[in-house]
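What follows is a short report on a single structure.
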Amino acid sequence: MQNTNASQIAVFLGISLDGFIAGEGGDLSWLSDAASASPEETGYDALMARTDALVLGRNTYDSVRGFTEWPFGNKPVYVLTNRPLVPAFGERVLQGDIERVLQAAQSSSGGTIYLDGGDVVRQAMRKNLVDELTLSWVPVVLGSGIRLFEGGLPRSRWKLTGTRLLESGMVQASYRRAP
Ligand SMILES: NC(=O)c1ccc[n+]([C@@H]2O[C@H](COP(=O)([O-])OP(=O)(O)OC[C@H]3O[C@@H](n4cnc5c(N)ncnc54)[C@H](OP(=O)(O)O)[C@@H]3O)[C@@H](O)[C@H]2O)c1
């Protein structure tokens, strides 16, 4: 997929020092415990402001459904799943090849997609579909859980586009995939 500046697949993840995006059983408590930065400070709000639609893996979606509030407002949300899902906020289900799924979301909702999850991000990275990658390193070692980078990925080069040290102790690095 050729993405122009108006058509982007963006990934924005909090990650432990040892490379996990969730602890055992999907535990996310370490994200708020270790890094109390606000969504404005982390750049999450700015990303959401330019996001046309979100594409979530089922496990991430299930975690979000456990939050006290639905965090995506009226943004279109597509959930990748092979299982039945009863939408509560207009979520739409997609499945199959990640490239086709992302293209379908872009054609229906617009070019900038916030792709969220571990498995789904790896699928997109295997096909070189991720354009922007922002990792916020949380100063905690989890030891076990759900890793972001596992299972083999093709080599890809990235250009560092920004770094920030947040007061909470998080170090954020933003990258753009190099051509
Ligand atoms: N630290 C952070 O910033 C951050 C951000 C996001 C998420 N998380 C957490 O990280 C964990 C992510 O979990 P994860 O990596 O296992 O999963 P995920 O990417 O959220 O979801 C994976 C699941 O989505 C479904 N799926 C994936 N690709 C599909 C496709 N092409 N077609 C149809 N269905 C597809 C499959 O479920 P089924 O086949 O069972 O339907 C698959 O098991 C969660 O605990 C989440 O809360 C952390």
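The values are calculated or read from the model by the stated rules, or taken from the named source; none is laboratory data. Remember, it's a predicted structure, so these values are computed and weren't measured experimentally. Positions of Cβ are generated from backbone atoms using ideal geometry, with glycine treated the same way; all protein chains shown enter the neighbour counts. Keep in mind that these areas ignore ligands, DNA and RNA; they rest on the heavy atoms of the full protein, side chains included. Shrake-Rupley method; radii C 1.70, N 1.55, O 1.52, S 1.80 Å.
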Requested in this report: Could you work out the local net charge near residue 131, counting Lys and Arg as +1, Asp and Glu as -1, over the other residues with Cβ closer than 14 Å to its Cβ?
Outcome: +3
Query raised in the report: Mean Kyte-Doolittle of at least 0.0 and a Cα length of 30 Å or more along the axis: which whole DSSP H helices of the chain meet both?
Result: none
Query - Local net charge near residue 162, Cβ-Cβ under 13 Å (Lys/Arg +1, Asp/Glu -1) - result: +2
Query raised in the report: Taking 0.36 nm per intervening residue step and subtracting the Cα-Cα distance, what contour gain separates residue 94 from residue 82 on full extension?
Result: 3.5 nm
Report summary line: Placing one equal point scatterer on each C-alpha of the chain and summing with Debye, one gets log10 I(q)/I(0) at q = 0.13, 0.16 Å⁻¹ equal to -0.64, -1.02
Query raised in the report: Between residue 160 and residue 46, what is the spin-label point distance in nm, taking each point 7 Å from the Cα along the Cα→C-beta axis?
Result: 1.7 nm
Report task. Using a 1.4 Å probe over the heavy atoms of the protein chains, calculate the carbon and sulfur portion of the accessible area of the chain as a whole percent. Result -> 50 percent
Query raised in the report: Quick one: length gained pulling residue 128 to residue 75 fully straight, 0.36 nm per residue minus the C-alpha distance?
Result: 16.6 nm
Query raised in the report: On alpha-carbon atoms, Rg over Rh for the stretch 6-96 using Kirkwood Rh?
Result: 0.95
Report summary line: Averaged per residue, the 1.4 Å probe accessible area of the chain, protein heavy atoms only, in Å², is roughly 52 Å²
Query - Residue-averaged [θ]222 nm for the chain, counting only DSSP H segments that reach four residues, each worth -39500 (n - 2.57) - result: -6500 deg cm²/dmol
